[in-house]
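The values are calculated or read from the model by the stated rules, or taken from the named source; none is laboratory data. Remember, predicted model here, so these are calculated numbers, not experimental data. With ideal geometry, Cβ positions are generated from the backbone for all residues, glycine too; neighbour counts draw on all protein chains shown.
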Amino acid sequence: MTIDLHKLALETIDAAADHLHLDGWHRALLHRPERLTAVQVPYTADDGSVHVVPGYRVAHSTARGPAKGGTRFHPDVTQEEVTGLATLMSVKTALMNLPLGGGKGGITVDPKGLSETELESLTRSYTRSIAANIGPDLDVPAPDVNTDARHMDWIADEYGRVTGRPCPGVVTGKSLTAGGSLGRDTATAAGCRTVVRASAERLGLPTDARVVIQGFGNAGAHLATMLAADGMRVVAVSDSRGGIHDPNGLDIPAVIETKATHGSVTHHAGEIVTTEELLALPCDVLIPAALEGAIEAPEAEQVQARLIAEAANGPCTSQADRILADRGITVIPDVLASAGGVTVSCFEWQQNERGERWTAHQVAERLDARMDRALEDLWRVASERDLTLRTAACVLGVGRIVEALDRRELAATDELAS
Ligand code: GLU
């Protein structure tokens, strides 16, 4: 399912802009990215043939610091999608009060058909194509859909070769040996878990709340493990081939094992359900942890959960969001629920820049503190202004970007005047 993510991101900006009474120049700067790099990426296949695929890197805003955001490899990647995702990253990093802006990258390719050596050739070639526009103080890529520490290590190494200087801080989500941070691989899930637990408590949900998770990649699988360990009942999970349901709660380590051995959770014992059925299952907490556009208007009408936590970027369309709000379902928006990854990315970047190594405990403590603070800010602004959590998040995030824009632009104007 593909939705217009750029449109969704602009609606996000506009919702905040109206509440903040922003004028034209702020809106113009927020609506368009600062820098958009579109490249052709040649790579060598194992049979020696050379293929070319489109790639992008978009820096939406550097008003608060270097642009920051992941790089996805997916056949549906477009310039518009990457631009929309970069826009959401600006709001996300601002909401988390990180000293970073927002960016995103992507390659239009189906990585599932590529071997390890083909992936390496592709990633290194992409890095060379965008090398002039990334850097630790410019724009810092990270993992996203279908990319992980392997890709980040290749980017760091290739960037070092191109520039002639080793530079681990050019990218985050690296392996530990290449300068990665402890806790980065589970950070998206850990951040989401913190806000789910705190929100479940606020809403008075039972400690063994029933949880449904759509998407069983890095975020979804770790989240299932963590929430089950916390005593919640994960009653259904799904991947791109469908889902499985057990109202008594699934044995998550066993499901992970099944997926690793057979390629899909649907091979595990339990009632097989379609993604559509999964989203409508009786539960307390629903966590979309796959791609954008999972919950459109018809699905929103069917949701039975009291709480939705968006571990994916842009999983609910605007129409779905309105329906969920009308139905009294609390939605923890993506810019918070998925912010654990970029928050620990920020920690990794800071460790690289300062030559430090933080312990797993330090990382976890600092992540929790950031997530708790941002969640409290959201609930406060939402209740003070009578907004949904999503609009409150946009008001807070966009408000902080605007403050930074004002500082920068007004300083520049003063300089010209003097
Ligand atoms: N791809 C993740 C996100 O969408 C992480 C980005 C990062 O670590 O910079 O938030």
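Restricting G65, G101 to those that are closer than 21 Å to D406 by Cβ, within 16 Å of the ligand (Cβ to nearest atom) and out of contact with any helix residue (DSSP H, G or I) (no Cβ under 7 Å at 6 or more places or on another chain) reduces the list to G65. Selection of strands (runs of 3 or more DSSP E) fully inside segment 217-310 by the criterion of at least 1 residues being surrounded by 24 or more Cβ atoms within 10 Å (Cβ to Cβ) and modelled with pLDDT of 95 or more returns 233-239, 242-245, 285-288, 307-309.
Taking every residue in segment 220-235 that is at positive phi and pairing it with any residue that is among the hydroxyl-bearing types (S, T, Y) and not in a helix (DSSP H, G or I), at least 6 positions away or on another chain, the pairs with Cβ-Cβ distances below 9 Å are G231/T207. Of all the numbered requirements in (1) modelled with pLDDT of 95 or more; (2) surrounded by 18 or more Cβ atoms within 10 Å (Cβ to Cβ); (3) closer than 30 Å to L389 by Cα, L29 misses one, and that requirement is (1).
A Cβ distance below 6 Å, combined with a sequence gap of six or more or placement on separate chains, defines the contacts here; from segment 290-313, residues that are closer than 20 Å to K7 by Cβ and without any contact (Cβ under 8 Å) to a residue 24 or more places away in the chain reach residues that are among the aliphatic types (A, V, I, L, M) and not in a strand (DSSP E or B) in the pairs E299/L279. Residue count for segment 104-120 satisfying the condition of being small (G, A, S) and either more than 15 Å from the ligand (Cβ to nearest atom) or part of a loop (DSSP other than H, G, I, E, B) (or both): 2. Annotation: G341 fulfils all but one of (1) assigned to a helix (DSSP H, G or I); (2) more than 16 Å from the ligand (Cβ to nearest atom); the unmet one is (2). For beta carbons closer than 9 Å, sequence separation of 6+ or different chains, a first residue in segment 78-102 that is without any contact (Cβ under 8 Å) to a residue 40 or more places away in the chain and a second that is of a type in the set (F, W, Y) and surrounded by 24 or more Cβ atoms within 10 Å (Cβ to Cβ), the qualifying pairs are T78/Y56; V82/Y56. Being within 15 Å of the ligand (Cβ to nearest atom) and in contact with a helix residue (DSSP H, G or I) (Cβ under 8 Å, 6 or more places away or on another chain) is the filter here, so list the residues in segment 121-143 that pass it. The answer is I134, G135, P136, D139, V140, P141, A142, P143. Specify which of the listed residues (G24, G65) is at positive phi and surrounded by fewer than 24 Cβ atoms within 10 Å (Cβ to Cβ). That would be G65, the only listed residue that is at positive phi and surrounded by fewer than 24 Cβ atoms within 10 Å (Cβ to Cβ).
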